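Beneath this line is the structure, given in structure tokens, with notes to follow.
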Amino acid sequence: MPKVILAINAGSSSVKVSAFSYTPGKDDPKELAVIQIAGLTAPPATLTYDRGDHHVKNQELSESDLGTNVQEGAYEYIIKTLSSDKGLTELSNTDDIDFVCHRVVHGGDYDKPVRIDKDTYHHLETLSDLAPLHNAGALEIVKAVHAKSPKATNIAFFDNAFHQTLPAAARTYAIDQEIATRNKLRKYGFHGLSYAFIARAVSTHLSKPLTGLNIIALHLGSGASACCIRAGKSIDTSMGLTPLDGLPGATRSGSLDPSLIFHFTHEAGKMSHGSTKELHITTAEEILNKKSGWKALTGTTDFGVISQKASEGDEKCKLAFDIFVDRIVDFVAAYYVKLGGKVDALVFAGGIGEKGVQLREAVVAKVECLGFALDEGWNAKPGEQIVVEIGKEGHNHKVLVCRTDEQAEMARECAVDAEELRK
Ligand SMILES: Nc1ncnc2c1ncn2[C@@H]1O[C@H](COP(=O)(O)OP(=O)(O)O)[C@@H](O)[C@H]1O
Ligand SMILES: CC(=O)OP(=O)(O)O
Ligand SMILES: [Mg+2]
């Protein structure tokens with residue numbers, strides 16, 4: 001009998017849920033439906049739903065549809081839509097759900113997925129402050145699932161697990177090592193479910209074993225990061241102790257001189273008004289995570305709008321666009337050197353990586369000296385497949401777009417280890 005896996009991805013600006021059917025011991029889970037509510041930081045939020053030949057695209061939702069805790073509200077709205085869809089009989093009784101996979105951004109020292117019981121739940125709660133835009137929302141969703149589908153087994157999949165292979169030099173900060181060890185202050189890195197999916201998909205596309213695959217992967221969404229993958233494993237990534245480090249994002253500053261915040265405000269160390277019982281954040285963290293990035297520079301968090309306005313000459317948007325290109329290129333160059341120039345492909349993924357035609361064009365133009373070049377036609381209209389070539393033929397290194405799928409990655413890992421995870 002096929003069983004149902006629900007995979008939930010609570011991002012900083014979206015909640016994405018995919019439903020799969022799987023037969024234990026058989027092939028990869030089969031996708032039944034994908035639903036997402038996007039634009040949580042740029043209202044109105046929109047609903048997109050695909051199930052077979054039934055499609056809803058960017059249907060606007062009102063604020064009252066989602067309530068005050070938007071990630072949990074989005075999940076409730078999604079589950080209501082799925083369970084009332086007459087064409088999705090597999091989900092008409094939520095008791096039929098076997099596994100629910102949850103993307104949990106910060107998993108601390110966890111290096112593989114775990115079943116969520118009381119102890120793991122409380123441990124994950126203690127990590128919420130290290131992923132202020134993510135963990136608390138994901139845990140609210142775990143609670144909601146537990147209340148609605150008490151028979152389902154909840155599994156947490158961690159965004160930092162893929163980066164457990166970071167060498168010490170990349171992982172370690174140059175600070176007092178006693179304190180670093182005691183307080184677990186190191187680079188964790190995130191977007192790992194996406195990078196695991198990308199590495200596997202590109203290895204299949206290039207017919208090259210994962211163990212021989214060297215790529216520079218860019219996951220560019222509301223949160224953005226770069227990853228240097230050697231022989232299929234992460235050897236460096238741009239996010240750090242928290243998802244704030246590295247590239248700027250929708251509301252995040254990305255890397256800056258750590259002293260800056262003390263010149264920005266005298267309140268840096270005080271608890272922010274945005275702190276709650278579940279989430280303790282300082283004013284500094286509030287400013288750098290929630291009040292910076294594209295929002296601070298341009299007033300919008302939508303990089304599609306920023307790219308369009310930049311091309312029409314809007315100065316603020318042009319500056320935001322140029323900053324992003326500048327920071328991305330820094331990582332591509334650094335990772336190119338870390339791979340000793342032996343690079344199979346530069347891969348664009350995430351909402352901006354997959355849809356941002358101008359952004360890809362601007363980034364690749366700046367790294368042309370390293371042997372990357374775009375085919376303008378393919379870049380403007382990449383095909384529908386999971387991995388698409390957009391590089392110019394005859395150049396040293398490939399340029400690819402990968403339609404990454406964190407939910408599919410969780411469902412696949414879940415099906416492979418189902419019996420182990422159920423214990
Ligand atoms: N046409 C487009 N060009 C560039 N960026 C786009 C376009 N359409 C959507 N985006 C961006 O994709 C981002 C969402 O990416 P996604 O990876 O889905 O986010 P999340 O971090 O919530 O998972 C949004 O910030 C939006 O600005
Ligand atoms: C880790 C992270 O920033 O995730 P997202 O881009 O989904 O917000
Ligand atoms: Mg995301």
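Read-outs: derived from the displayed coordinates by stated rules, not from any lab. The structure presented is a predicted model; accordingly, all values stated were derived computationally and were not measured. Cβ coordinates were reconstructed from backbone atoms using ideal geometry, including for glycine residues, and neighbour counts include every protein chain displayed.
Residues that are over 28 Å from Tyr195 (Cβ atoms) and more than 16 Å from ligand 3 (Cβ to nearest atom): list the helices (runs of 4 or more DSSP H) wholly contained in the range 213-309 that include at least 2 such residues.
Working: elements: 260-264, 283-290, 293-298.
Where helices (runs of 4 or more DSSP H) fall fully within the range 213-309 and carry at least 2 residues being over 28 Å from Tyr195 (Cβ atoms) and more than 16 Å from ligand 3 (Cβ to nearest atom), they are 260-264, 283-290.
Evaluate the following for Ala147: is it of a type in the set (A, V, I, L, M, F, W, C), surrounded by fewer than 22 Cβ atoms within 10 Å (Cβ to Cβ) and farther than 20 Å from Ile328 by Cα? Yes; evaluated as a whole, the condition is true for this residue.
Are any residues in the range 387-421 buried (at least 17 other Cβ atoms within 10 Å of the Cβ), of a type in the set (Val, Ile, Thr) and under 27 Å from Ala161 (Cα atoms), and if so, which ones? Across the range 387-421, the qualifying residues are Val387, Val388, Val399, Val401, Thr404.
Looking at the range 297-324 only, could you name the residues that are of a type in the set (A, V, I, L, M, F, W, C) and surrounded by fewer than 16 Cβ atoms within 10 Å (Cβ to Cβ)? Leu319 - this is the single residue of the range 297-324 that is of a type in the set (A, V, I, L, M, F, W, C) and surrounded by fewer than 16 Cβ atoms within 10 Å (Cβ to Cβ). In the range 17-53, the qualifying residues are those that are within 16 Å of ligand 2 (Cβ to nearest atom) and out of contact with any Lys or Arg (no Cβ under 9 Å at 6 or more places or on another chain), and the one that is farthest from Glu409 (Cα to Cα) is Ala45. Here Ser203, Ser207 are screened, and the one residue that is free of Cβ contacts under 8 Å to residues at least 24 places away in the same chain, away from ligand 1 (no atom under 14 Å from the Cβ) and closer than 25 Å to Ile390 by Cβ is Ser207.
Scan the range 286-296 for residues that are buried (at least 22 other Cβ atoms within 10 Å of the Cβ) and more than 11 Å from ligand 1 (Cβ to nearest atom) and jot them down. Residues satisfying the conditions are Leu288, Asn289.
With respect to the conditions (1) closer than 30 Å to Leu288 by Cα; (2) surrounded by fewer than 22 Cβ atoms within 10 Å (Cβ to Cβ), Ala152 lacks only one, and its number is (1). Pairs linking a residue in the range 70-97 that is closer than 29 Å to Thr41 by Cα to a residue that is basic (Lys, Arg) and surrounded by 18 or more Cβ atoms within 10 Å (Cβ to Cβ), with Cβ atoms under 7 Å and 6 or more positions apart or on different chains, are Asp85/Arg51.
Of the helices (runs of 4 or more DSSP H) lying entirely inside the range 111-186, those containing at least 1 residues that are under 21 Å from Met410 (Cα atoms) span 118-126, 135-148.
Which residues, taken from the range 5-32, are away from ligand 3 (no atom under 16 Å from the Cβ), buried (at least 21 other Cβ atoms within 10 Å of the Cβ) and part of a strand (DSSP E or B)? Listed by number, the residues that qualify are Ile5, Leu6, Ala19, Phe20, Tyr22, Leu32.
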